[in-house]
Every structure is written in C-alpha cells, then in structure tokens.
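Q: Below you'll find the structure I mean.
Please treat every number below as a calculation from the coordinates, not as lab data. What you are looking at is a predicted structure, and each value in this text was computed from that prediction instead of being measured. Note that each Cβ is placed from the backbone with ideal geometry, even for glycine, and that neighbours are counted across all protein chains shown.
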C-alpha cells in the first residue's frame with residue numbers, strides 16, 4: 001500500500017523528503033496553469049522520486065452538473081482539457097468529489113438529479129479511459145453535498161455506470177461524519193480505487209490509534225485485500241512535525257492489517 005498526501009505540486013519536495021510515496025494535487029489547480037506553468041510542473045515531477053499519482057477536486061464549483069443550469073456540453077469541454085492535463089503530469093486516478101458541482105438545487109427532482117450526475121460521471125469515465133486514467137467516485141458528507149453521501153451509495157452508482165474506468169473512493173473522514181460503519185467497505189472489493197483519511201473530529205492528520213477507529217478502517221481494507229493508495233486529506237497546525245508522524249502511524253496501521 002502507498003501512503004500519500006493531498007498537496008500542491010509546489011510542496012512536492014517537502015513531502016518527498018518526509019518519505020511520502022506520492023502527492024495528490026487538485027485538478028482545478030492544473031486548470032489555473034498556463035502552458036509554461038504546466039510544463040514547469042511536469043519538469044518538477046519528472047525530476048522527483050515521488051509523483052502526482054492521484055488528483056482530487058475534479059470540477060470547480062462554478063460548473064453545475066445537476067439541476068436546471070447543468071450544461072453537459074460545457075462539462076465535456078472542461079473534462080477533455082482537465083483530464084488531459086492530469087494525464088500529462090502522470091496522474092493515474094482522478095477523484096470525483098466536487099460537492100458543489102453535484103449538489104442538487106432545493107426542490108429539484110431527486111431522480112432527475114441522480115440521472116444527471118450518473119451521466120456526468122459516465123462522461124468523465126469515457127474521457128478518463130481515452131487518457132488511460134481512472135475516475136474514483138467520492139462519497140461526501142451531507143454537509144458538503146446532497147448526492148452520494150455514503151460508500152454504499154457510491155458503490156451503487158459505480159455499479160449502475162458499469163465502466164472499468166469508474167470506481168469508488170472511501171474517505172474515512174466522511175464515513176465518520178456520516179456515522180457509516182467500516183463494514184460498508186467489505187462489499188467494495190475490486191471497485192475500490194482510492195482512499196482518503198483524516199481524523200473524524202476536526203479533519204486533522206491521523207496521529208495515533210487513540211484518536212479514532214483507524215484500525216477498523218485498515219482492517220476492512222485488509223479484508224478486501226485493497227492494494228491501492230491512501231492519501232492524507234486534512235490539516236495540521238504543524239505540518240513539519242505532524243506529517244512525518246502521521247505517515248509513520250499510517251504505515252504501521254497498514255502493516256498491522258497486512259497491507
């Protein structure tokens with residue numbers, strides 16, 4: 001199992017020196033780069049031991065994927081550029097979180113919203129397949145969006161879409177906020193493409209077993225023989241001290257689970 005951290009490419013050297021296996025920048029940050037900046041990012045990554053193996057925040061909030069303002073044409077145009085850029089920097093898995101983009105407006109038909117979201121994810125999957133990358137559906141807590149709030153529902157969506165290039169992400173923090181049991185991971189098997197982790201209270205870096213039920217999370221991953229990546233996606237008031245400590249702790253959790 002690889003342990004990475006959600007961070008911009010500008011912090012690559014810092015986390016490389018700490019011993020992380022990869023970083024996970026945001027797709028939207030790549031879209032803010034001009035050709036020169038994107039080329040420089042590729043140069044930095046090419047010269048580094050670790051790479052940007054995954055990317056999160058696929059869509060900016062300004063692009064509506066559901067509701068009366070949804071524009072599939074605009075979404076496709078954005079995706080072709082965004083996924084292409086992510087593939088250029090070597091990303092293998094793109095996280096489809098983007099809670100604001102997929103939030104259904106109040107009063108909008110729930111079935112219609114789910115259909116629109118399913119179409120948007122399937123479109124992302126098609127474009128990802130063309131670029132040799134994968135799309136991981138990220139369940140988010142209800143405070144961030146009103147669609148796909150559990151691992152179980154994310155798995156249902158991935159199975160409805162039925163594409164090899166589309167799978168699931170499990171985020172420990174969102175599972176804890178939604179009080180979803182770690183046993184929800186057990187049916188996921190080969191559908192689970194990626195994982196995020198942060199303490200359930202405060203969304204900070206995981207530092208010790210006494211903070212939360214991290215052991216249950218890793219035990220469930222071990223039970224399904226998950227062999228992918230786990231990214232820290234949280235905050236810390238002392239990154240230089242806490243990030244290496246969190247990395248060592250998570251590696252110990254993975255080893256205990258046989259991963």
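Q: Is it the case that the stretch 30-42 has a residue that's within 24 Å of residue 137 (Cβ to Cβ), in contact with a strand residue (DSSP E or B) (Cβ under 8 Å, 6 or more places away or on another chain) and surrounded by 15 or more Cβ atoms within 10 Å (Cβ to Cβ)?
A: The answer is yes; a qualifying residue exists.
Q: Would you mind telling me which numbered condition in (1) closer than 17 Å to residue 136 by Cα; (2) more than 19 Å from the chain's Cα centre (by Cα) residue 258 fails?
A: All conditions pass for residue 258, except number (1).
Q: Answer with yes or no whether residue 113 is in contact with a helix residue (DSSP H, G or I) (Cβ under 8 Å, 6 or more places away or on another chain), more than 26 Å from residue 190 (Cα to Cα) and surrounded by 15 or more Cβ atoms within 10 Å (Cβ to Cβ).
A: It is false that residue 113 is in contact with a helix residue (DSSP H, G or I) (Cβ under 8 Å, 6 or more places away or on another chain), more than 26 Å from residue 190 (Cα to Cα) and surrounded by 15 or more Cβ atoms within 10 Å (Cβ to Cβ).
Q: Suppose we filter the stretch 15-70 for residues that are in contact with a helix residue (DSSP H, G or I) (Cβ under 9 Å, 6 or more places away or on another chain), assigned to a loop (DSSP other than H, G, I, E, B) and closer than 30 Å to residue 119 by Cβ; how many remain?
A: Residues meeting the conditions: 15.
Q: Could you list all residues from the stretch 71-97 that are in a helix (DSSP H, G or I) and either crowded, with 17+ Cβ neighbours inside 10 Å or in contact with a strand residue (DSSP E or B) (Cβ under 6 Å, 6 or more places away or on another chain) (or both)?
A: Listed by number, the residues that qualify are 75, 78, 79, 82, 83, 85, 86, 87.
Q: Among the residues that make up the stretch 99-106, is at least one of them touching a strand residue (DSSP E or B) at 6+ places or on another chain (Cβ under 6 Å) and outside any helix (DSSP H, G or I)?
A: no
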